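The values are calculated or read from the model by the stated rules, or taken from the named source; none is laboratory data. Everything quoted here is computed from the prediction, not taken from an experiment. Please note: Cβ atoms are built from the backbone with ideal geometry, for glycine as well, and neighbour counts cover all protein chains shown. We work out accessible area using only protein heavy atoms, side chains counted, and drop any ligands, DNA or RNA first. Shrake-Rupley method; radii C 1.70, N 1.55, O 1.52, S 1.80 Å.
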Amino acid sequence: MRRAALLALLTLPLTACEGVLEAPRVRVLVGDGDGGAVDAFRGVVRGPDLGASPADAAPGAPSPRLDASPPPGPSLDAGRPAIDARRPPPPPVDAAPPPPPPVDAAPPVQPPDPGVPAHCADGPLDGPLPNCRPAPPPSTGDPAADCVARINQFRMECQCLPPLQRWIEGEACADQHAEYDSTRGAHAGFRAHICPQGGFGQNECPGYNGVDHVIGVCLQQMWDEGPGEPFERHGHYLNMTNPRFSRVACGFYDAGRGDFWAVQNFE
C-alpha cells in the first residue's frame, strides 16, 4: 500500500492537465487499488477516469503498439492566433550592420594615359625639349588632318601641351589664303581679310615642294624657332604654342612646278 500510495502521489501531478504522460522506459505494472496503473506495454500513466486498466481489457483484445502515443489533448492556448500568424518574423536583434568604408581609404590609382609620354606625367613643360625632332606620323591621306596631327605631335612630345582641335570650318578660308598668297606674298590674304574665319594668328610655308615637304620640313623649322623675341624670329613657334588658341585650320595651294603653298590659321 505504501508503494501504491507513493506512486499515486507521483502520478497525480503529471496527469492534472491532460491525464497522460509518455514513459517509454517503464517496465513494471503496479496497481494502487483505485483503478490507476502503470501500463508496462503502452508506457503511459492513467488515472482512474481516463480509461480501463489492463485488468479491464476484454480477453483476446490485441495489445496496442509499443510506439503508439495517446491522442493529443486540447491545446492550452486554443482559440488564440499564433504570434507570427499575421506578420513576418522580426529581424534578428543582434544583426550587425555592414561595416562602413575606411575613412582614410585612398582613391584608386588611375592608369596612365597611353597617349601621354612618360615625361609629360606632371603636365606641360615651361619650354620645349631641346633638339626635339620626332618623325612625322603616318599619313592618313588627308593633308589637313596630317597637318593638325603634326602640330599636335610637336606640342605633346616636345612640350607636353594639350592638342589643338581641327578647325574644319576654317579650312576653306585657309585654302583661299594659300592661293591668294601664291601671287601676292606671304600673309597677304590674312592681312586683307579676304574671307571670314581667317583666325587670329597665321603661319605659312611659301613655295615648298609638296605636302610631305610641308609636314616633314616646314613645320619642324617653325618649331625649331623656339620661344623668345622678337616675334619676327620666333613667331611661328609662338603661334603653335599660344595658350589662347584652341584650334587650327590648314589650307594648301599647288601652283605647279614645285611651288606649293601651305597656310595654318589659328583661333
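Tabulated data
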{"quantity": "Filtered residues of the range 228-267 (kept if assigned to a strand (DSSP E or B), in contact (Cβ under 8 Å) with a residue 60 or more places away in the chain and within 17 Å of Gly207 (Cα to Cα))", "calculated": "Cys250, Gly251, Phe252, Tyr253, Trp261, Ala262, Val263, Gln264"}
{"quantity": "Residues that are under 14 Å from Trp223 (Cβ atoms) and either open to solvent by less than 10 Å² (accessible area, probe 1.4 Å) or of a type in the set (A, V, I, L, M) (or both), drawn from the range 133-147", "calculated": "Ala135, Cys147"}
{"quantity": "Residue within the range 211-227 that is in a loop (DSSP other than H, G, I, E, B), free of Cβ contacts under 8 Å to residues at least 24 places away in the same chain and open to solvent by 30 Å² or more (accessible area, probe 1.4 Å) present", "calculated": "yes"}
{"quantity": "Odd one out for Glu204, checked against (1) crowded, with 16+ Cβ neighbours inside 10 Å; (2) over 14 Å from Cys250 (Cβ atoms)", "calculated": "(2)"}
{"quantity": "Test: residue in the range 173-193 that is touching a strand residue (DSSP E or B) at 6+ places or on another chain (Cβ under 6 Å), open to solvent by 60 Å² or more (accessible area, probe 1.4 Å) and part of a helix (DSSP H, G or I)", "calculated": "yes"}
